[in-house]
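Quick notes on the structure that follows.
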Amino acid sequence: MSMMSFAPSHSDKFAFGVWCVTNAGRDPFGDATRKPMPAMQAIRGLGERNVWGFEFHDNDVFPLGASAAQVRKIVRDVRAIMADTGICCCSGTTNLFFHPVFKDGAFTSHDPQIRAYAVHKVMHAIDLAAELGAQNFLFWGGREGAEVDAAKDPIEAIRRFREAMNFLCAYVRQNKYKMTFTIEPKPNEPRGDLYMPSVGNALAFIETLDPPNRAMVGVNPEVAHIKMAGLNPYHEYGQALEAGKLFELHLNDQKPVRYDQDLTFGSASLKESFFIVKLMVDHKFAGIKAFDAHAYRSEDIDGVWDFVERNMRTYKILEEKAYEARANRDLSALLEEIQAGNKAYEKLFTKYSPAAVRKLKALKFDPDKMATGRRLAYEKLDQILTEILLGIR
Ligand code: GCO
Ligand code: MN
């Protein structure tokens, strides 16, 4: 038995979406299975469990159409909870998917009036997020997609998305808000196909924003969305991290290529979850680690808090496993052997020059010899890691 408590602390930078906790267990086929928790109770409960931050959609906390006086009162109430419990507001976002006005997109709608309403709604949401101290603002384009390709040119859709993002980046800079933006890719659901399906799509899109806006926009990839696309979260997060664009994680779990399951982190694929955590440990990820999942429909309110606690606990245990793996002598010895190569051939094409070309082209290689006589002991390697994860090493 481990002596560690695996209790969360603020330095973990764990966060939850308010919507994850208030979720009442409704799905497309069935009604709510528990009473929806009020947002204030959700934020307080998170703070009391030592969660570092919360994130919210404008309408999770501020009802659509709330009067100015109502908005002020809610801001005061949220601030009081933040002061009482020490929880911060780390990220804001806009609900651009629930109201039927967004049935065919927000930023990518055909109708300029709907696009204008979407950008107007986001600016108001940004103001509230900034007021609560949010350092990041999320863009998940849940309705930015299509079922009928005859209806919409994807090039036009991307252009509209870019126009909105450029405008909103300028808005943040002009207001001197200390806030980054992140795009959250997803391949489908609720639309048949979404325009920003994977990390790679979002990274490429960011580079097409107006130059002053590029640095402030990154990604917050979500495990479930990556696995819905049949991709590998370790690689997707890795590419975002390498590009300097991984500002926030949306952690959960998912059985591959199915509807969006939003399962508890680590509950469906422990080994994949381990590699996500290991990546963050190895590369000292310092961004926001938000859980975006739901408790099972079969749970009541107590179960929702069990769900909150176990997401963080599993992350912390896997973090400990990442350190154990790093310290394991058998693993590191084997890795050293596997990763060793002929050092004489290092740096032959690090810098381009005619001399380097001449040298490399003149070399004689014997691929048959290079391919044989050297075992890569991946069976052994993977077994050692498996045994570390299973706790018998
Ligand atoms: C989903 C998404 C959402 C977003 C959130 C932020 O259900 O597919 O994960 O939960 O992350 O709504 O806009
Ligand atoms: Mn998400």
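Observations
- Single match in Glu236, Glu163 (criterion: more than 23 Å from Ser273 (Cα to Cα) and either in a helix (DSSP H, G or I) or within 13 Å of the chain's Cα centre (by Cα) (or both)): Glu163
- Within segment 282-307, tally of residues that are within 16 Å of ligand 2 (Cβ to nearest atom) and more than 13 Å from Asp12 (Cα to Cα): 5
- Filter result for the condition that a residue is closer than 26 Å to Arg214 by Cβ, more than 16 Å from ligand 2 (Cβ to nearest atom), out of contact with any Ser or Thr (no Cβ under 6 Å at 6 or more places or on another chain) and not hydroxyl-bearing (Ser, Thr, Tyr), over Leu249, Leu270, Leu279: Leu279
- Considering each residue of segment 242-262 in turn, none proves to be within 25 Å of Asn23 (Cα to Cα) and assigned to a helix (DSSP H, G or I).
- Checking each residue of segment 280-290 against the condition of being charged (D, E, K, R) and within 30 Å of Arg44 (Cα to Cα) gives at least one match.
- The listed residues are Tyr237, Tyr259, and the only one of them that is open to solvent by less than 20 Å² (accessible area, probe 1.4 Å) and over 20 Å from Thr93 (Cα atoms) turns out to be Tyr237.
- Looking across Val172, Val148, one residue alone is loosely packed, with under 15 Cβ neighbours inside 10 Å and either hydroxyl-bearing (Ser, Thr, Tyr) or outside any strand (DSSP E or B) (or both). It is Val148.
- Of residues in segment 303-325 being in contact (Cβ under 8 Å) with a residue 24 or more places away in the chain and open to solvent by 80 Å² or more (accessible area, probe 1.4 Å), the one farthest from Phe365 (Cα to Cα): Glu309
- Looking across segment 263-300, the residues that are surrounded by 15 or more Cβ atoms within 10 Å (Cβ to Cβ) and part of a helix (DSSP H, G or I) come down to Leu270, Glu272, Ser273, Phe274, Phe275, Ile276, Val277, Lys278, Leu279, Met280, Val281.
- Subset of segment 202-227 (residues that are under 15 Å from Leu246 (Cβ atoms) and within 16 Å of ligand 2 (Cβ to nearest atom)): Ala202, Gly218, Val219, Asn220, Pro221, Glu222, Val223, His225, Ile226
- Some residue of segment 223-230 being farther than 29 Å from Gly25 by Cα and assigned to a helix (DSSP H, G or I): no
- Of the residues screened, Val119 is one that is in contact (Cβ under 8 Å) with a residue 40 or more places away in the chain, open to solvent by 20 Å² or more (accessible area, probe 1.4 Å), assigned to a helix (DSSP H, G or I) and closer than 18 Å to Phe161 by Cβ.
- Among residues of segment 209-222 that are closer than 19 Å to Ser91 by Cα and free of Cβ contacts under 8 Å to residues at least 60 places away in the same chain, those with a beta-carbon under 8 Å from a residue that is within 14 Å of ligand 2 (Cβ to nearest atom) and among the β-branched types (Val, Ile, Thr) at least six positions away or on a different chain give the pairs Val217/Thr182; Val217/Ile183; Gly218/Thr182; Gly218/Ile183; Val219/Thr182; Val219/Ile183; Val219/Val199; Pro221/Val199.
- Screening Phe161, Phe139 for residues that are within 16 Å of ligand 2 (Cβ to nearest atom) and either assigned by TED's automatic domain parsing to the domain that holds Asp60 or in contact with a helix residue (DSSP H, G or I) (Cβ under 7 Å, 6 or more places away or on another chain) (or both) leaves exactly one candidate, Phe139.
- Among the residues of segment 131-145, those that are open to solvent by 30 Å² or more (accessible area, probe 1.4 Å) and under 20 Å from Glu184 (Cα atoms) comprise Gln135, Trp140, Arg143.
- For segment 368-382, taking the residues that are surrounded by fewer than 13 Cβ atoms within 10 Å (Cβ to Cβ) and in a helix (DSSP H, G or I), the one that is nearest to the chain's Cα centre (by Cα) is identified as Asp382.
The values are calculated or read from the model by the stated rules, or taken from the named source; none is laboratory data. Since the structure is predicted, the reported quantities are computational estimates derived from the model, not experimental observations. Positions of Cβ are generated from backbone atoms using ideal geometry, with glycine treated the same way; all protein chains shown enter the neighbour counts. With ligands, DNA and RNA removed, areas are computed over all heavy atoms of the protein, side chains included. Shrake-Rupley method; radii C 1.70, N 1.55, O 1.52, S 1.80 Å.
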